[in-house]
Amino acid sequence: QVQLVESGGGLVQPGGSLRLSCAASGSIFSIYAMGWYRQAPGKQRELVARISSGGSTYYLDPVKGRFTISRDNAKNTVYLQMNSLKPEDTAGYFCNADLKASNRARSSDYWGQGTQVTVSS
């Protein structure tokens with residue numbers, strides 16, 4: 001069974017930094033794109049950043065220049081370095097991976113349980 005486990009959320013003051021991690025484990029054949037979504041109360045879930053298996057990246061406009069997504073393929077892990085955090089970054093952050101499990105014919109989306117990021121003074 002495939003699992004995505006996030007860590008690194010918490011409470012930080014405006015202007016501070018946090019680093020989120022998400023490790024995929026289980027019977028994994030291959031991991032394609034990995035990404036981070038966020039959802040604030042009363043709002044829709046939105047894609048914050050995404051990285052392909054080849055390293056190409058996408059960022060939501062409000063986080064460009066502040067957030068950096070990276071991955072360690074040997075560890076099946078994706079990271080999100082968040083700098084210059086703002087109160088509007090407060091949300092639940094969810095890891096997502098498009099991967100093919102060893103016992104499946106094709107790839108599908110997997111999600112982590114989420115980690116809370118709160119930016120407040």
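Mind listing whichever residues of the stretch 79-91 are free of Cβ contacts under 8 Å to residues at least 60 places away in the same chain and surrounded by 15 or more Cβ atoms within 10 Å (Cβ to Cβ)? Reasoning before the result, please.
Looking only at the stretch 79-91, we keep the residues that are free of Cβ contacts under 8 Å to residues at least 60 places away in the same chain, and these are 88-91.
89, 90, 91 - these are the residues of the stretch 79-91 that are free of Cβ contacts under 8 Å to residues at least 60 places away in the same chain and surrounded by 15 or more Cβ atoms within 10 Å (Cβ to Cβ).
Assess whether residue 18 counts as being exposed (fewer than 14 other Cβ atoms within 10 Å of the Cβ), closer than 28 Å to residue 121 by Cα and over 12 Å from the mean Cα position of the chain (by Cα). Taking the combined requirement at face value, the residue does not satisfy it. If the condition is being touching a residue at least 40 places away in the same chain (Cβ under 8 Å) and crowded, with 21+ Cβ neighbours inside 10 Å, then the stretch 40-78 contributes 48, 78. If the condition is being assigned to a loop (DSSP other than H, G, I, E, B) and either among the hydrophobic types (A, V, I, L, M, F, W, C) or open to solvent by less than 10 Å² (accessible area, probe 1.4 Å) (or both), then the stretch 92-106 contributes only 105.
Looking only at the stretch 1-58, count how many residues are assigned to a strand (DSSP E or B) and of a type outside the set (Asp, Glu). First the steps, then the outcome.
Narrowing the stretch 1-58 to residues assigned to a strand (DSSP E or B): 3-7, 10-12, 18-25, 28-39, 46-51, 57-58.
Subsequent filtering for residues that are of a type outside the set (Asp, Glu) retains 3-5, 7, 10-12, 18-25, 28-39, 47-51, 57-58.
Selection size over the stretch 1-58: 34.
The values are calculated or read from the model by the stated rules, or taken from the named source; none is laboratory data. None of the values given here were measured: they were computed from a predicted structure. Here Cβ is always computed from backbone atoms with ideal geometry, including for glycine, and neighbour counts include all displayed protein chains. Accessible surface is based on the protein model in full, side chains and every heavy atom, while ligands, DNA and RNA are left aside. Shrake-Rupley method; radii C 1.70, N 1.55, O 1.52, S 1.80 Å.
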